[in-house]
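Visitor: Quick one: structure below, then a few questions.
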Amino acid sequence: GYTGVLSKKLDQKMSQLKTHQSRLKKSEKQYQRLVDALQEHYFFYTYDPACKLVYASPSIYNILGYHPDEFQDRFPDCMDECSGNQGVRKKIQNSCSGIKQAPYEIEIPHKNGSSRYLEVTEEPILDQDGNVLSVEGIARDITERKQAEKDLIQAQISLQKAQKMETIGTLAS
């Protein structure tokens, strides 16, 4: 009687649990494939509520040349080394205070000394009371785009100079 009913319910729960585990494994594999595909141009990171970097995905090595644990110690200094980063500390502090920020750009030195430009999107993670648990973010390497923009500006300046010289030559003759 009672033991049979209990046994049947237990079997049903075990079956449901196996189904959920199977779905979870499938979801984890899908997520891992997505993360692996993004490794060349993106890395993921997490701050704690005190704005200390506590996680950076391994793909940071492909972008900045640092291993994740090495970059955690190095990160606070990176912001100060590049002149284009005014206001970035405030954005990070706002995120750590639970204030959602629009995506922003940051310049960070690569381990080899070259500059890398990142577009950062962050999301404060809050508990049910609105307290910040962490800030999760994704950084996208936009260095090639920034270089192309600089090259285009240089080409426009060169074209303007050439046009001026041509105009002066036409006026002179």
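The values are calculated or read from the model by the stated rules, or taken from the named source; none is laboratory data. This one's a predicted model, so the numbers in the text were calculated from it and none came from an experiment. All Cβ positions, glycine included, derive from the backbone under ideal geometry; neighbour counts span all protein chains shown. Side chains are part of the model used for accessible areas, which takes the heavy atoms of the whole protein and leaves out ligands, DNA and RNA. Shrake-Rupley method; radii C 1.70, N 1.55, O 1.52, S 1.80 Å.
Visitor: If you take the charge dipole of the chain about its Cα centre, with +1 on Lys and Arg Cβ and -1 on Asp and Glu Cβ, which of Leu38, Gln163, Gly4 is farthest toward its positive end?
Guide: Looking along the dipole axis, the top candidate is Gly4.
Visitor: Now a separate question. Per residue of the range 12-23, in order, report the coupling 6.51 cos²θ - 1.76 cosθ + 1.60 (Karplus, θ = phi - 60°) as ³J(HN,Hα) in whole Hz, putting x for Gly and Pro.
Guide: After applying 6.51 cos²θ - 1.76 cosθ + 1.60, I find 4, 5, 5, 5, 4, 4, 4, 5, 4, 4, 5, 5 Hz.
Visitor: Could you tell me what percent of the DSSP beta bridges with both partners in the chain are antiparallel, to the nearest 5? If you can, show how the numbers build up before the last one.
Guide: Working: 24 of 24 bridges.
Antiparallel: roughly 100 percent of the beta bridges in the chain.
Visitor: Still on this structure, please answer the following. As a test of reading the structure, rank Met165, Met14 by solvent-accessible area (1.4 Å probe, protein chains only), most first.
Guide: Details: Met165 130, Met14 95 Å².
The most accessible residue leads, giving Met165, Met14.
Visitor: Counting Lys +1, Arg +1, Asp -1, Glu -1, what net charge surrounds Leu17 among other residues with beta carbon under 12 Å of its beta carbon? All intermediate terms of the calculation are to be shown ahead of the outcome.
Guide: Values: positive: Lys13, Lys18, Arg23; negative: Asp11.
For residues surrounding Leu17, the net value is +2.
Visitor: Ignoring any ligand, DNA or RNA, what whole percent of the accessible area of the range 130-173 comes from carbon and sulfur when the probe is 1.4 angstrom?
Guide: Values: 1960 of 3400 Å².
Looking at the range 130-173 in its full context, I get 58 percent from C and S.
Visitor: Here's something else I'd like to know. Whole Å is fine, so just give me how far the alpha carbon centre of the range 60-105 lies from that of the range 152-167.
Guide: With the range 60-105 and the range 152-167 each reduced to a Cα centre, they are spaced 37 Å.
Visitor: Moving on. Just from its helices, what would the mean residue ellipticity at 222 nm be for the chain, if runs of 4 or more DSSP H residues each count -39500 (n - 2.57) and the sum is divided by every residue, rounded to the nearest 500 deg cm²/dmol? If you can, show how the numbers build up before the last one.
Guide: Numbers: 5 runs with 94 residues, N = 173.
After summing the helix terms and dividing by residue count, I get -18500 deg cm²/dmol.
Visitor: Taking the Cα centre of the chain as origin and charging only Cβ (+1 Lys, Arg; -1 Asp, Glu), how large is the dipole, in debye to the nearest 20?
Guide: Values: 23 positive and 24 negative charges, 173 e Å.
Once rounded to the nearest 20, the dipole reads 840 debye.
Visitor: What order do Leu152, Leu171 take when sorted by accessible area (1.4 Å probe), most exposed first? Present the calculation step by step, with values, prior to reporting the outcome.
Guide: Numbers: Leu152 105, Leu171 140 Å².
Greatest to least solvent exposure: Leu171, Leu152.
Visitor: Tell me, what is the per residue accessible area of the range 70-173 in Å², probe radius 1.4 Å? Intermediate values should be presented prior to the final figure.
Guide: Working: 6730 Å² over 104 residues.
Ligands and nucleic acids excluded, the figure is 65 Å² per residue.
Visitor: Taking every pair of distinct Cα atoms and averaging 1/r, then inverting, what Kirkwood hydrodynamic radius in Å comes out for the chain?
Guide: Numbers: mean 1/r = 0.0497 Å⁻¹.
In the chain this quantity evaluates to 20.1 Å.
Visitor: To continue, here is another question. Show me the three semi-axes of the equivalent ellipsoid for the range 13-94, from the C-alpha gyration tensor (sqrt of 5 times each eigenvalue), largest first, rounded to whole Å.
Guide: On the way: eigenvalues 241, 50, 22 Å².
Computed over the range 13-94, the values are 35, 16, 11 Å.
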